[in-house]
Amino acid sequence: MTRLPCVEHRCTRYAVPGKSRCADHQRAWDQGRWDRGGTGQRGSQNQPRAKRRQVLSEQRWRCAVCKTDKGPLFLHHVDGNARNNVRKNLVGLCADCHDQAHAALLKRTHGR
């Protein structure tokens, strides 16, 4: 059985078997302390699991840029729009490549 990363943003741990979060995040979720705001408030964290698994399995669970298979992968929106969930706009990236992609996007759009 393949171990899946925790779905919470920037969490580097693996999910509890049969769940989508690591033990700490799952405990907080179960106790109701998690902010369950509307879709607009959650942004891309509400990605359907099937879409995420499709993208990452097509990449063989490796980062699309550096090809590492260490640590969790993040589902990245190429155009920066978290609501644009068409397949060609989604790519799986490791934490380092994801940070670099967002820095480059910020620089492109805001000149920073």
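The values are calculated or read from the model by the stated rules, or taken from the named source; none is laboratory data. Quick caveat, the model's predicted, so the values are computed rather than measured. When we count neighbours, we look across all protein chains shown, and the Cβ atoms used for this are built from the backbone with ideal geometry, even at glycine.
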Next on the checklist: Looking at segment 90-101, can you tell me whether even one residue there is over 15 Å from the mean Cα position of the chain (by Cα) and surrounded by 11 or more Cβ atoms within 10 Å (Cβ to Cβ)?
Outcome noted: no
Checklist outcome for this item: Scanning segment 70-111 for residues that are part of a loop (DSSP other than H, G, I, E, B) and farther than 18 Å from E8 by Cβ gives K70, V78, D79, G80, N81, R83, N84, N85, V86, G111
Checklist entry - Of all residues in segment 1-42, which are assigned to a loop (DSSP other than H, G, I, E, B), of a type in the set (S, T, N, Q) and either modelled with pLDDT of 75 or more or closer than 20 Å to S57 by Cβ (or both)? => result T2, T12, S20
Next on the checklist: For the list (1) outside any helix (DSSP H, G or I); (2) at pLDDT below 90, I need the number of the one condition that K67 fails.
Outcome noted: (2)
